[in-house]
Amino acid sequence: ALALAVAVASLTGARAAEPAARAAHYVIRSSSLFETISFFQKTFGMRVLRHEENDEPCPLTCNGEFEAAWSKTMVGYETEDKAFALEVTYNYGIDEYDTGTGLQSIAISVDDVDAAVAAAESDKWEVTRTEDGGAMIVGPDEYRFLAVSKASAKKGRAEPFIGVSLAVADVKKAAAFYTSVLNMKALEGKGSDSKVVLGYSADQVPITLTATEGGKAPEISQWEGRNAFSMPAELVQSVYKVIEAEYPSQIIHEMQVLDEKLGKLFIAIIRDVDGYELCLVSSETFDPAVLEAADFQEPNWPKRALLLKETQEALRAEKKDAREGKDADGPFSIGGMVQKFLHPKKMTKGELSFLACGFSLGFVFCLVVNLISLATSSGKRVAKAV
């Protein structure tokens, strides 16, 4: 993409040593926010950067494909304008998430691996020590975090987050997408069929792409979350033009320009070639906005407890109404089916199949009746003519 290359060159020419884009944060899900936040604080020494509550689902599916009230909690070490963070999304009424096979782990450097292990084990989290002295810790919602000693990390590295590891079906194909479309570069393993490390700078938080066994496509679920990148608005637009032209089926949400307090925010949500979600935001507005929003305040736990109680009561009432409807009208409640027909997204696969079969049988029945009617009327006309 020549236009993208020209845009990147113009953006980086005056400050070649400074990457035009950076990894901003990675989105994960939580079925128990208090448990998740406590895990990051105790095991990895993180802190809450900011928190927000949302009554309606995110129009850009930031909370995943869930029709629910939700919250977002940013956790990390430094403010988001200059450092990586984790975005922990919680959906009210969602008790668990189906894990995928794509997201392998998130690596984080710590002062003392033994202390991190002790903190994790005290809360009964699964821990496996690695040969190089690190530890793989399976935390809330089965996310895996690799604890690495800061002493073994790159000398002088300021960013505690080391990287995000993803499984891909074809390393070369996946790497080509990130390098040609998102303008990343291969930091390690360039040209490898089995593993490559990609990013904008070795000092940032790169992604490690590892080949699956036999080239099997990884199972990507809502659990895999989303990787976000902050880049100049001009680059967001250039990247999006390439996506539109060469990968239109990878667009989840078309690029939008939002009028924010601190300026216009360009944002686009896309997928890579393996199905991982990516968020592209313009740094001119995003970076100062997240810095201003940082208040380091934890969620209002009593208020959240009340919201959760209300959500649970509403869900119980909904289930009770559904049961009563079935008891009154049999297993296929007329009222219930009408409601689901009006809201097909709420239908299960079985109900959609049942509905499709019903329409098909109805069509065949009408066709047979019409054919019989035509045959009968033709017979009568023949008899009358004779």
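Based on this model, can you work out whether C62 counts as touching a residue at least 24 places away in the same chain (Cβ under 8 Å) and either assigned to a loop (DSSP other than H, G, I, E, B) or more than 14 Å from the chain's Cα centre (by Cα) (or both)? Here the answer is yes, as C62 does meet what is asked. Of all residues in segment 287-314, those that are open to solvent by 70 Å² or more (accessible area, probe 1.4 Å) have Cβ atoms under 6 Å from Cβ atoms of residues that are among the β-branched types (V, I, T) and assigned to a loop (DSSP other than H, G, I, E, B), 6 or more apart or on another chain, in L291/T79.
A search for C-beta distances below 7 Å between a residue of segment 136-162 that is touching a residue at least 60 places away in the same chain (Cβ under 8 Å) and any residue that is open to solvent by 20 Å² or more (accessible area, probe 1.4 Å) and of a type in the set (D, E, K, R), counting only pairs 6+ apart in sequence or on different chains, returns P140/E35; E159/D203. The residues of segment 189-246 that are of a type in the set (S, T, Y) and within 29 Å of P288 (Cβ to Cβ), listed by number, are Y200, S201, S230, S238, Y240. Screening E96, E80, E126, E87 for residues that are in contact with a helix residue (DSSP H, G or I) (Cβ under 9 Å, 6 or more places away or on another chain) and closer than 26 Å to L306 by Cβ leaves exactly one candidate, E96. Scanning segment 147-156 finds one or more residues that are at pLDDT 95 or above, open to solvent by 20 Å² or more (accessible area, probe 1.4 Å), β-branched (V, I, T) and not in a loop (DSSP other than H, G, I, E, B). With the requirement that a residue be of a type outside the set (S, T, Y) and either assigned to a loop (DSSP other than H, G, I, E, B) or surrounded by fewer than 22 Cβ atoms within 10 Å (Cβ to Cβ) (or both), what does segment 184-197 give you? Across segment 184-197, the qualifying residues are M184, K185, A186, L187, E188, G189, K190, G191, D193, K195, V197.
The one condition from (1) within 30 Å of F66 (Cα to Cα); (2) open to solvent by less than 20 Å² (accessible area, probe 1.4 Å) that V117 does not meet is (1).
So which residues in segment 68-82 are in a loop (DSSP other than H, G, I, E, B), open to solvent by 10 Å² or more (accessible area, probe 1.4 Å) and within 18 Å of A228 (Cα to Cα)? Within segment 68-82, Y77, E78, T79, D81, K82 qualify.
The set of residues in segment 163-177 being within 23 Å of G76 (Cβ to Cβ) and either in contact (Cβ under 8 Å) with a residue 60 or more places away in the chain or in a helix (DSSP H, G or I) (or both) consists of V164, S165, L166. Which ones in segment 24-67 are open to solvent by less than 10 Å² (accessible area, probe 1.4 Å) and small (G, A, S)? Passing the criteria: A24, S30, G64. If you go through segment 157-183 and keep only what is crowded, with 16+ Cβ neighbours inside 10 Å and farther than 30 Å from Q41 by Cα, you end up with V168, A169, D170, V171, A174, A175, F177, Y178, V181, L182, N183. Within segment 198-222, can you find the residues that are in a strand (DSSP E or B) and either among the basic types (K, R) or open to solvent by less than 20 Å² (accessible area, probe 1.4 Å) (or both)? Listed by number, the residues that qualify are L198, G199, I207, L209.
Determine if segment 268-282 includes at least one residue that is open to solvent by 30 Å² or more (accessible area, probe 1.4 Å) and over 22 Å from the mean Cα position of the chain (by Cα). No - not one qualifying residue is present in segment 268-282.
Flag set for A245, criterion: open to solvent by 10 Å² or more (accessible area, probe 1.4 Å), within 26 Å of T61 (Cα to Cα) and assigned to a helix (DSSP H, G or I).
The values are calculated or read from the model by the stated rules, or taken from the named source; none is laboratory data. Being a predicted model, the structure only gives us computed values, none of them experimental. Virtual Cβ from ideal backbone geometry, glycine too; neighbours counted across all protein chains shown. Remember, those area values only see protein heavy atoms, side chains included, never the ligands or the DNA or RNA. Shrake-Rupley method; radii C 1.70, N 1.55, O 1.52, S 1.80 Å.
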